[in-house]
């Protein structure tokens with residue numbers, strides 16, 4: 001008789017409730033999959049074994065930088081996964097660490113411009129401010145290399161403070177930047193953000209409100225401080241998202257370009273559960289990735305549960321096939337090296353995709 005397949009979830013209370021994990025547990029049970037909620041405060045080995053572990057430890061990873069208890073929890077998790085290499089991990093911690101640092105994630109986003117054929121993806125100029133205070137030299141460089149307006153984001157891409165941003169309109173406003181941070185030229189996109197939610201080999205695009213258009217070039221306008229949650233959540237209502245009457249209508253995203261972006265990022269990151277924030281330049285129609293999110297909320301994606309369950313079942317089938325080939329037991333406690341795609345749960349999808357755009361989207 002086949003051993004019951006087991007999937008562990010390691011999420012904080014807020015994420016569990018937002019995801020409605022209990023409903024997903026019932027769905028899995030009906031498909032012969034047992035779901036276990038992992039308690040990091042207890043030895044993980046006694047809670048296992050696990051075929052797959054799905055987690056969002058970004059808060060623990062950030063807190064571990066300055067909190068000894070969080071560091072112990074993270075070490076416990078890393079120790080377990082290192083000792084059980086055939087347990088599929090969604091998603092790998094090294095990839096998540098890259099996305100927690102906007103300096104690293106912006107380099108990934110910048111690389112999309114050359115990785116995807118054609119001129120369909122654009123990465124606006126940006127600048128990393130690593131020091132705790134802005135210097136005169138940095139201010140001068142920003143003025144020369146970054147067209148105004150400029151959007152300022154914190155370096156750390158997790159936690160409530162990571163949503164605190166500012167829009168800077170002229171040289172005097174650069175003093176309002178709060179380093180360490182990223183400065184990037186703002187792209188007019190007619191107040192529409194396209195949130196792309198990735199689940200394994202599937203992705204779903206949901207439209208959200210975003211910042212309205214602003215005149216290009218520097219001005220004496222005072223810096224606007226805002227929280228991105230107040231602007232781009234489904235229920236958001238802000239004066240910052242209200243387009244002026246003469247503003248150009250938003251351009252729709254091209255499905256081929258979105259698919260190319262997802263394919264490239266899936267291969268680059270080796271991740272299965274992530275979100276991509278995309279805007280479309282109102283003037284040129286070129287697409288810009290402005291953020292990559294770890295295990296997002298999937299609000300507005302009714303297919304999320306079914307897509308996640310399908311992905312889990314695909315991983316389990318691959319794992320069972322590998323175990324049969326190697327003659328390994330279903331739940332080994334130790335093992336040798338495992339192919340990268342089974343450990344991360346993501347197949348190597350690094351392929352060249354040339355988007356086919358309609359005439360209206362041609363840059």
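Every read-out reported here was derived from the displayed coordinates using simple, explicitly stated rules and does not represent laboratory data. Only a predicted model underlies this, so the values are computations on that prediction, with no experimental measurement involved. Here Cβ is always computed from backbone atoms with ideal geometry, including for glycine, and neighbour counts include all displayed protein chains.
Points worth noting:
- Global size of the stretch 98-294: 16.1, 47 Å for Rg and Dmax (C-alpha atoms, Rg to one decimal, Dmax whole).
- Tensor-based shape of the stretch 28-117 (alpha-carbon gyration tensor, a/c under 1.5 rounded, otherwise prolate or oblate): oblate
- Distance in nm between pseudo-label sites at residue 78 and residue 27 (7 Å out along the Cβ direction from Cα): 3.3
- Taking the longest Cα principal axis of the chain as reference, the axis of helix 68-83 is set at about 50 degrees.
- Between helix 102-115 and the chain: long-axis angle, C-alpha atoms, 0 to 90°, nearest 10: 80
- Relative to the longest principal axis of the Cα atoms of the chain, the long axis of helix 136-145 makes an angle of roughly 90 degrees.
- MRE, 222 nm, helices only [DSSP H, n ≥ 4, -39500 (n - 2.57), over the chain, to nearest 500]: -10000 deg cm²/dmol
- Using the Stokes-Einstein relation with a Kirkwood hydrodynamic radius computed over Cα pairs, the translational diffusion coefficient of the chain at 10 °C and a viscosity of 1.306 mPa s comes to 72 µm²/s.
- Ranking of 222, 56 by count of other Cβ atoms within 10 Å, fewest first: 222, 56
- Whole-Å distance, taken between Cα centres, linking the stretch 78-123 and the stretch 126-183: 23
- More than 16 Å apart - percent of Cα-Cα pairs taken over the stretch 178-235: 60
- Equivalent ellipsoid semi-axes - Cα gyration tensor, the stretch 164-277, angstrom: 28, 18, 13
- Distance between the pseudo-spin-label points of residue 12 and residue 248 (7 Å out from Cα toward the beta carbon): 4.0 nm.
- DSSP finds beta bridges in the chain, and of those with both partners inside it, around 75 percent are antiparallel.
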